[in-house]
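First the structure, in the form of structure tokens, and then the observations on it.
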Amino acid sequence: MLKLNINKKIYELDIDPDTPLLWALRDVIGLVGTKYGCGVAQCGACVVHLNGEAVRSCVTKVSRAAGQQVVTIEGLSENNDHPLQKAWLELDVSQCGYCQAGQIMSAAVLLRENKNPTDKDIDNAMEGNICRCGTYLRIHKAIHLAAEMQRKGSK
Ligand code: FES
Ligand code: FES
């Protein structure tokens, strides 16, 4: 049995410890906001937070997450009101949407560590997240907007 803390809820799973965390999230627990893209750490669709760090859940063994804090897109905010989620809606960032949970989870780590990121900071933080629809310009704008919302909110 593996005990997982996901979005502040405890799950006990009877699962092979080598199973990718992504499989546990989607197929066992039913948290399907995190997406399977490439399965080999190349696209970023599967990014979740493990103890506050962005990790690719397709190549992270579920055993590595046991006893740690996992946050998925479903747990990023209480009411879908993280500044990034608000900015994403305001600027209508998503196209097909497939990559967007991973994009937001990567951006959330950036904004926690850097309250006022430059374009270059955003490029560096987001370079591993691929969008086949090419929404990169709107993602950039939304991260700037979310950073602004966050700064105003924290005054
Ligand atoms: S599905 Fe994990 S990086 Fe592509
Ligand atoms: S919005 Fe379609 S893959 Fe990014």
(message) At 1.4 Å probe size, with the rest of the protein present, what percent of the exposed accessible area of the chain is carbon and sulfur atoms?
(response) 49 percent
(message) Quick check on the chain: of the DSSP beta bridges with both residues there, what percent are antiparallel, nearest 5%?
(response) 85 percent
(message) With every protein chain kept in place and ligands, DNA and RNA left out, what is the accessible area per residue of the chain? Probe 1.4 Å, answer in Å².
(response) 53 Å²
(message) Using a Cα-Cα cut-off of under 17 Å, which aspartates and glutamates could be cross-linked to K35, ignoring same-chain neighbours fewer than 8 residues away?
(response) D27, E74
(message) Taking the Cα centroid of region 18-59 and of region 71-111, what is the distance between the two, rounded to the nearest whole Å?
(response) 15 Å
(request) Please report, in debye to the nearest 20, how large the charge dipole of the chain is about its Cα centre when each Lys and Arg carries +1 at its beta carbon and each Asp and Glu carries -1 there. (result) 280 debye
(request) Show the residues, 5+ positions off or on another chain, whose built amide H is closer than 5 Å to the amide H of K61. (result) L21
(message) Below 18 Å, Cα to Cα, which lysines can K115 reach? Residues fewer than 8 away in the same chain don't count.
(response) K86, K141, K152, K155
(request) State which stretch of the chain is the longest one without any exposed GluC sites (Glu not before Pro), exposure meaning a DSSP loop state and at most 16 other Cβ atoms within 10 Å. (result) 1-77
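The values are calculated or read from the model by the stated rules, or taken from the named source; none is laboratory data. Every value quoted in this text rests on a predicted model; they were computed, and no experiment measured them. A quick note on method: Cβ atoms are made from the backbone with ideal geometry, for glycine too, and the neighbour counts reach across all protein chains shown. Accessible surface is based on the protein model in full, side chains and every heavy atom, while ligands, DNA and RNA are left aside. Shrake-Rupley method; radii C 1.70, N 1.55, O 1.52, S 1.80 Å.
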